[in-house]
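Participant: Structure provided below as structure tokens; questions to follow.
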Amino acid sequence: MTLRINQTAPDFKADTTQGQISFHDWIGDSWAVLFSHPKNFTPVCTTELGAMAGLDGEFKKRNVKVIGISVDPVESHAQWKQDIKTATGFNVEYPLIGDKELKVAKLYDMLPEDAGSSSEGRTPADNATVRSVYVIGPDKKIKLILTYPMTTGRNFDEILRTIDSIQLTAKHQVATPANWKQGDDVIITAAVSNEDAVKRFGSFDAVLPYLRKTKQPQA
């Protein structure tokens, strides 16, 4: 299947470092970030898992649960977590899914159906497309998909920034401009008339007839 933004994130059952989960039940009423890795004990992914662990408090402040997945069995995750601690100084306390049969990687359109049914004998290059990040809302809809090459470490500050934007725009009829960050001005969507914009936001700046900026609404 091909995944798109606003589609329901595929549900699944899987073994993790914290026991078996049913994905939708695990998300519950929270937001979620699912981020994937082509193989355990790969250098870039090792730094990424540590970076994500270091931002654990930031994700929790936003009511976001974090879960990783690697195309390897759960049993090997424990040793990898020790390596991550050594390399980055952070303990990985969020769950890591084992996907040794490649089921989740295929379900999330990261590997083709003809990729086989076992992680055994597969190299990171074989699984190079298992480098995606999915931001999923409490409604279980996919809000964001990002896919990175193996040689480019992911920017988790950017993922936090996008979550801030997605959560803000889910509450208010606004959008966020290029390079927006918390506290910057936002864009009023076309669905809001000028009159309603004044009532909602107090004032706005009409840069262009179709581009109206205003102060960021409070949560």
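The values are calculated or read from the model by the stated rules, or taken from the named source; none is laboratory data. For clarity, every value in this text was computed on a predicted model and none was experimentally measured. Here the Cβ positions follow ideal geometry from the backbone for every residue, glycine too, while neighbour counts run over all protein chains shown. Accessible surface is based on the protein model in full, side chains and every heavy atom, while ligands, DNA and RNA are left aside. Shrake-Rupley method; radii C 1.70, N 1.55, O 1.52, S 1.80 Å.
Participant: In whole angstrom, how far apart do the alpha carbon centroids of the range 1-78 and the range 119-138 sit?
Facilitator: Result: 11 Å between the Cα centres.
Participant: Rolling a 1.4 Å sphere over the protein heavy atoms, what is the accessible area per residue of the range 1-104, to the nearest Å²?
Facilitator: 45 Å²
Participant: Sort 126-134, 50-58, 110-118 by packing, meaning the average of other beta carbons within 10 Å per residue, with the highest value first.
Facilitator: So the peptides 126-134, 50-58, 110-118, ranked by packing, come out 126-134, 50-58, 110-118.
Participant: Can you work out ³J(HN,Hα) from phi for every residue in the range 16-28, in order, using Karplus 6.51 cos²θ - 1.76 cosθ + 1.60 and θ = phi - 60°, giving whole Hz and x for Gly and Pro?
Facilitator: 10, 5, 10, x, 6, 10, 10, 4, 5, 5, 5, 5, x
Participant: If you don't mind, there's one more thing I want to ask. Output wanted: per-residue J couplings in Hz (rounded whole) for the range 108-117, from phi through Karplus 6.51 cos²θ - 1.76 cosθ + 1.60, θ = phi - 60°, x for Gly and Pro.
Facilitator: Once θ is set to phi - 60°, the couplings for the range 108-117 become 9, 6, 9, 10, x, 4, 8, 6, x, 10 Hz.
Participant: Amide H to amide H, which residues 5 or more places from Phe12 or on other chains are under 5 Å from it, using H placed in the peptide plane?
Facilitator: The list, which skips near neighbours in sequence, is Phe23, His24.
Participant: I'd like the FRET efficiency for Thr152 and Glu195, computed as 1/(1 + (r/R0)^6) with the beta carbon distance as r and R0 of 41 Å, rounded to 0.05.
Facilitator: E(calc), rounded to 0.05, equals 0.35.
Participant: Output wanted: per-residue J couplings in Hz (rounded whole) for the range 71-76, from phi through Karplus 6.51 cos²θ - 1.76 cosθ + 1.60, θ = phi - 60°, x for Gly and Pro.
Facilitator: Going residue by residue, I get 7, 6, x, 4, 4, 7 Hz, with x marking Gly and Pro.
Participant: Sorting check: for 82-92, 156-166, which peptide has the highest mean count of neighbouring beta carbons within 10 Å, and how do the rest follow?
Facilitator: 156-166, 82-92
Participant: Can you compute the helix-only [θ] at 222 nm over the chain? Use -39500 (n - 2.57) per DSSP H run of at least 4 residues, normalise by all residues, nearest 500 deg cm²/dmol.
Facilitator: So the calculated ellipticity at 222 nm is -8500 deg cm²/dmol.
Participant: Return the carbon/sulfur percentage of the accessible area of the range 1-71, one whole number, probe 1.4 Å, all protein chains in place.
Facilitator: Of the solvent-accessible surface of the range 1-71, carbon and sulfur hold 48 percent.
Participant: Only bridges whose two residues both fall in the chain count here: according to DSSP, what percent of them are antiparallel, nearest 5?
Facilitator: 65 percent
Participant: Answer with a single label: of (1) 14.4; (2) 13.0; (3) 10.7, which was calculated as mean projected area of the Cα convex hull in nm² from the structure in view?
Facilitator: Read-out taken from this structure: (2).
Participant: Here's a follow-up. Collect residues whose amide H, placed 1.01 Å from N in the peptide plane, falls under 5 Å from the amide H of Lys141; neighbours closer than 5 in sequence don't count.
Facilitator: Amide H neighbours of Lys141: Ala9.
Participant: Follow-up question, since we're still on this one. Taking a ≥ b ≥ c as the square roots of the Cα gyration tensor eigenvalues, with a/c under 1.5 meaning rounded and otherwise prolate when a/b beats b/c, else oblate, which class fits the range 49-126?
Facilitator: Oblate.
Participant: On average, how much accessible surface per residue is there in the range 127-215, in Å², for a 1.4 Å probe, leaving out ligands, DNA and RNA?
Facilitator: With all protein chains present, the range 127-215 gives 53 Å² per residue.
Participant: For the range 106-204, with all protein chains present and a 1.4 Å probe, just round the carbon and sulfur fraction of the accessible area to a whole percent.
Facilitator: It is 51 percent, rounded to a whole number.
Participant: Can you tell me how the range 1-120 classifies by the Cα gyration tensor, rounded, prolate or oblate, using a/c under 1.5 as the rounded cut?
Facilitator: Cα axes put the range 1-120 in the oblate bin.
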